[in-house]
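Encoded as C-alpha cells, the structure appears first; notes follow it.
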There are 2 protein chains.
Amino acid sequence: MTAPGSVGIVTPKTMRFDAPLALASGASFASYELLYETYGELNAARSNAVLVCHALNASHHVAGSYEGEEKSLGWWDNMVGPGKPVDTNRFFVIGVNNPGSCFGSTGPMSIDPASGRRYGSRFPVVTVEDWVNVQARLADRLGIERFAAVMGGSLGGMQALSWALQYPQRIAHCVAIATTPKLTAQNIAFNDVARTAIQNDPDFHGGDFYEYGVKPRRGLGVARMIGHITYLSGADMAEKFGRMLRHQDYGYSFGIEFEVESYLRYQGDKFADYFDANTYLLITRALDYFDPARACGGDLVQALARAEAKFFLASFTTDWRFAPARSREIVEALIANHRDVTYAEVDAPHGHDAFLMDDPRYHRAVAAYFDRIAREVRA
Amino acid sequence: MTAPGSVGIVTPKTMRFDAPLALASGASFASYELLYETYGELNAARSNAVLVCHALNASHHVAGSYEGEEKSLGWWDNMVGPGKPVDTNRFFVIGVNNPGSCFGSTGPMSIDPASGRRYGSRFPVVTVEDWVNVQARLADRLGIERFAAVMGGSLGGMQALSWALQYPQRIAHCVAIATTPKLTAQNIAFNDVARTAIQNDPDFHGGDFYEYGVKPRRGLGVARMIGHITYLSGADMAEKFGRMLRHQDYGYSFGIEFEVESYLRYQGDKFADYFDANTYLLITRALDYFDPARACGGDLVQALARAEAKFFLASFTTDWRFAPARSREIVEALIANHRDVTYAEVDAPHGHDAFLMDDPRYHRAVAAYFDRIAREVRA
C-alpha cells in the first residue's frame, strides 16, 4: 500500500476542545481546534506512541504526502516512516500543529468566537509550556497515558524537554535535537530584529492586517532572510554560494548581484507566501521566553531534577544558533541529576538546519536510540 | 593649548575637486568636495603623513572635538593624539570623509550640479578603489607624495590594503585592522538583508526620499540592528545583557521585554537620526564588491605581489564578522610574497567592534609598530 520507506498518502485530522485552557500569560482559550496526523498503529498496550513536536515554520505534517499534491512531503519525512529512524512499523507517531501556528490549528487567522472576527492582534501570547499542555490534552483524548518518546528539533526539542518537566510520568524518553535550555542575548536579538521588521511593515496594521485584505509580505520576507542566515553555517553558505555572481561582472547596482542575495530574497518571498506574520511574532516570542531554569533562579540542575525520562540529545558542530555547547549544558545538568542520557555531537556542515537533513551518522544515532526504545516497549 | 593626550579642538576643512574622476562603475564625478581634518604637523620632508580611512558609519572626524560640542569626540580619538599609538607629536594625521558618505563630502544628499536636485538614487555606486583614488588626489593637493602609513579598521582596513595595491610606491606602511580580503557569502547576506529592509521602507521612495521630506527611519533602524548584532560577539552580548528583563517578569507582549531588545532598538533609532539610507546602501555595496584577488582569478598571493609596503595587521579573537582567519589569509599571502609583515591576533571579548576599543594589548602593538615607522621617518 505504501512505497518502501514512506508512510504514503496521509490525511490530517481535526480535534476540537471545548474545555477552557489557562495559558501562562493569564489569558485562556475558551475553545480551540488542533490539526494532527498519525502514522503507524497504536499497539494494544498503548505504549508505542511517539509525539513529534514542530519548530518555527513546520506543522503537524511530519511525514508522507497529501493526495494529489506532489510537493507536499512532510517536514521530517526522512526521519519518520517504515524502516526509518523513527520506524512507523513499530511506533505510532503523532504530529500536532501548535495553537498560534498558521497551519490549521487555532491561530491568529482563526475566528475568535467571542468577537466573530479573526483573532489577529488579540491572539494570546503562547509559551512552550502552553503547547505541552495542549499536546497532553490531545494525548488524553487519544487514550495515550504515557509516550514512548516525545521528540523534536530546535523549538521542538524545547517542547520535548518541557514534557519531561511538566509531565515527568507521561514520557519515557525525551529526544531533544539541536536545542538549548534558553536563548542567548544574541538569539533574542535576531528574533527581535525579525519582529521589528514585521511590525514596521505598514501592511502589518498592528497585527490586524487580515481586515485590510493585505499581508506584511516585506516585513515577513526580511524576517525570514535574517532567520535563514542563522539556520545555515557560514561554511555551508560559502560552499553553496561563495561570491558567485548572477551575471558575468559587477552591475554596480543595489539589485541582486550575488547568488546568495538571490537565494535569500527568494526564500523571503516564498515564506511570505505561506506564513503568517502574527504566527512569526508568537513563535519567536515562545522561543525567547523558554527558560525552564528561570523558576529555579537559573539553576538548570535543579530545574531538571524533576525529570524522570531517559534522554537522547544531539547537536551539530556547525550550528551557531544553538551550538553544541548549549546541548552540553543540558547533558551536564542531567548527568548531575544522575539521569540516563545519550548524547551525539554530530560533525555536520549544515548549521542549525542539519537537524532536518538526511545525515547518515545522525540518523544512525537516532535509529539506534529508537531501537532501544522499541525493545523497552516490547518488554 | 591641548589637553594631554588629546588633539583638542579641531575644525574640518573642505577641498573642492573640479577635474572629472572616473569611477569603477564607468560613471564619473564631474566635480566633488571632500571634508577632511588634519592633526599634528607635516614635517619639512613631507614624510610623516598618516592617512586614516574610515569604515561604515565614521567620517573624517578621527580625533579631537568640535568647539562647543561636548559629545563630538572623534571616532578613533583613543588611537590618534599626542602620546597615543598614532602620536600626533610625530605624525601628520589626515582623516577624510569618503564620497558617498553622509558627513559632508559629496554624497547622495548633495546637490547634483547637472540637475540642481539632490543626487538621491542617481548617486553613482562607489568602490573601495574609487575612494583610494579620491584620497590619492587629496594627497596630491596636500603635497604628500608618499604616506608614512595608510591605516584603517574593517572597511578602513580594506582601503589601506587597496592603497598598497593601487599606489604601491606611495605608501610605506599599510596598517589594516580587523579586515578581510573579501566578504563571505554570510557577510554579503547580512548586508543584503539590511539593504532590503531599507528598500522596503515606503519612506525610501527608491532613494529619492529627500524630495518627499521623509526619511526611511524604520528601514535604517532595522539595518542598524542587524549590523550591530554582527559587530558584537555573542559572549559580549551575553555578558552585557544576558536575558535581563526590562520589568520584573515576562509581560507576554511583543514590545520590549528584554534589555537587549531595548538596547538594539535604541541603537537603531539613534542611527536613523544621523545616518543616510542611500549612504548605507552605497557603503555596504562597496564592502560587498571589495575583492582585490578577483582580477587574478581569486589568487590573493598573485594579487598582493604588486604591494611594496610593509604591513601591520591585527585581528580580534571574538570577531565573527571578519574573523582572525580572514586576516591570516592576508598575512599568509604576504609571506608567500616575501613581504615584511607584522601580525597581532588580540584576545579580546568585544567582537568586531574591538578595533575601536581602548584595549591595552592592542594599542601597545599598534604603538610599537608606529614607533618603528617613526624611526624610519627620521632616518
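The values are calculated or read from the model by the stated rules, or taken from the named source; none is laboratory data. For clarity, every value in this text was computed on a predicted model and none was experimentally measured. As a convention, Cβ positions derive from the backbone with ideal geometry for all residues, glycine included, and neighbour counts pool all protein chains shown.
Per the listing B:D140, B:D130, B:D203, the residue uniquely in contact (Cβ under 8 Å) with a residue 60 or more places away in the chain and part of a helix (DSSP H, G or I) is B:D130.
Annotation note: of A:E376, A:E308, A:E329, the sole residue that is of a type outside the set (S, T, Y) and in contact with a helix residue (DSSP H, G or I) (Cβ under 6 Å, 6 or more places away or on another chain) is A:E308.
Could you list, in sequence order, all residues of the stretch A:285-305 that are free of Cβ contacts under 8 Å to residues at least 24 places away in the same chain and within 11 Å of another protein chain (Cβ to nearest Cβ)? Give the steps one after another, and end with the answer.
Filtering the stretch A:285-305 for residues free of Cβ contacts under 8 Å to residues at least 24 places away in the same chain gives A:295-299, A:302.
Within the stretch A:285-305, A:G298 is the sole residue that qualifies.
Give just the number: which of (1) farther than 24 Å from A:V62 by Cα; (2) part of a helix (DSSP H, G or I) does A:A307 not satisfy? Of the numbered conditions (1) farther than 24 Å from A:V62 by Cα; (2) part of a helix (DSSP H, G or I), the odd one out for A:A307 is (2).
Look at B:A235 and say whether it is modelled with pLDDT under 95, surrounded by fewer than 23 Cβ atoms within 10 Å (Cβ to Cβ) and within 21 Å of A:A189 (Cα to Cα). It is true that B:A235 is modelled with pLDDT under 95, surrounded by fewer than 23 Cβ atoms within 10 Å (Cβ to Cβ) and within 21 Å of A:A189 (Cα to Cα). Under the condition of being more than 26 Å from the chain's Cα centre (by Cα) and in contact (Cβ under 8 Å) with a residue 60 or more places away in the chain, the residues counted in the stretch B:227-248 number 1. Restricting A:G100, A:G104, A:G116, A:G74 to those that are in a loop (DSSP other than H, G, I, E, B), on the phi > 0 side of the Ramachandran plot and surrounded by 24 or more Cβ atoms within 10 Å (Cβ to Cβ) reduces the list to A:G100. Scanning the stretch B:96-122 for residues that are over 22 Å from B:H60 (Cα atoms) and either among the hydrophobic types (A, V, I, L, M, F, W, C) or in contact with a Leu (Cβ under 8 Å, 6 or more places away or on another chain) (or both) turns up just one, B:A114.
If only residues of the stretch B:323-379 that are among the β-branched types (V, I, T) and in a helix (DSSP H, G or I) are counted, the one that is modelled with the lowest pLDDT is B:V377.
Six or more apart or on different chains, Cβ under 6 Å: which pairs go from a residue in the stretch B:318-339 that's closer than 26 Å to B:H350 by Cβ to one that's surrounded by fewer than 21 Cβ atoms within 10 Å (Cβ to Cβ) and of a type in the set (D, E, K, R)? Could you list them? Partner pairs satisfying both residue conditions: B:P324/B:E345. Just one of the listed residues (A:L51, A:L23) is within 14 Å of another protein chain (Cβ to nearest Cβ) and touching a helix residue (DSSP H, G or I) at 6+ places or on another chain (Cβ under 8 Å), namely A:L23. The residues in the stretch A:319-366 that are among the aliphatic types (A, V, I, L, M) and out of contact with any strand residue (DSSP E or B) (no Cβ under 8 Å at 6 or more places or on another chain) can be counted, and the count is 4. Taking the residues in the stretch A:207-226 that are touching a residue at least 40 places away in the same chain (Cβ under 8 Å), in a helix (DSSP H, G or I) and more than 10 Å from every other protein chain (Cβ to nearest Cβ) as candidates, determine which candidate is farthest from A:Y280 (Cα to Cα). Here the answer is A:E211.
What residue, among those in the stretch A:60-86 that are among the small types (G, A, S) and free of Cβ contacts under 8 Å to residues at least 24 places away in the same chain, is farthest from A:Y274 (Cα to Cα)? Before you say what the answer is, go through the steps one by one.
Quick first cut of the stretch A:60-86, residues among the small types (G, A, S) only: A:63-65, A:68, A:72, A:74, A:81, A:83.
Those left that are additionally free of Cβ contacts under 8 Å to residues at least 24 places away in the same chain: A:68, A:72.
Values: A:G68: 19, A:S72: 13 Å.
Checked the stretch A:60-86; the qualifying residue farthest from A:Y274 (Cα to Cα) is A:G68.
Annotation: A:F322 fulfils all but one of (1) over 17 Å from the mean Cα position of the chain (by Cα); (2) closer than 24 Å to A:F370 by Cα; the unmet one is (1).
Residue by residue, here is whether (1) among the hydrophobic types (A, V, I, L, M, F, W, C); (2) farther than 17 Å from B:T230 by Cβ; (3) within 14 Å of chain A (Cβ to nearest Cβ) holds:
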{"site": "B:A160", "(1), (2), (3)": "yes, yes, no"}
{"site": "B:Q169", "(1), (2), (3)": "no, yes, no"}
{"site": "B:H173", "(1), (2), (3)": "no, yes, no"}
{"site": "B:T180", "(1), (2), (3)": "no, no, yes"}
{"site": "B:L183", "(1), (2), (3)": "yes, no, yes"}
{"site": "B:Q186", "(1), (2), (3)": "no, no, yes"}
{"site": "B:A189", "(1), (2), (3)": "yes, no, yes"}
{"site": "B:T196", "(1), (2), (3)": "no, no, yes"}
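The condition (being under 30 Å from A:L23 (Cβ atoms), among the charged types (D, E, K, R) and more than 9 Å from chain A (Cβ to nearest Cβ)) is satisfied by just one residue among B:D269, B:D249, B:D203: B:D249.
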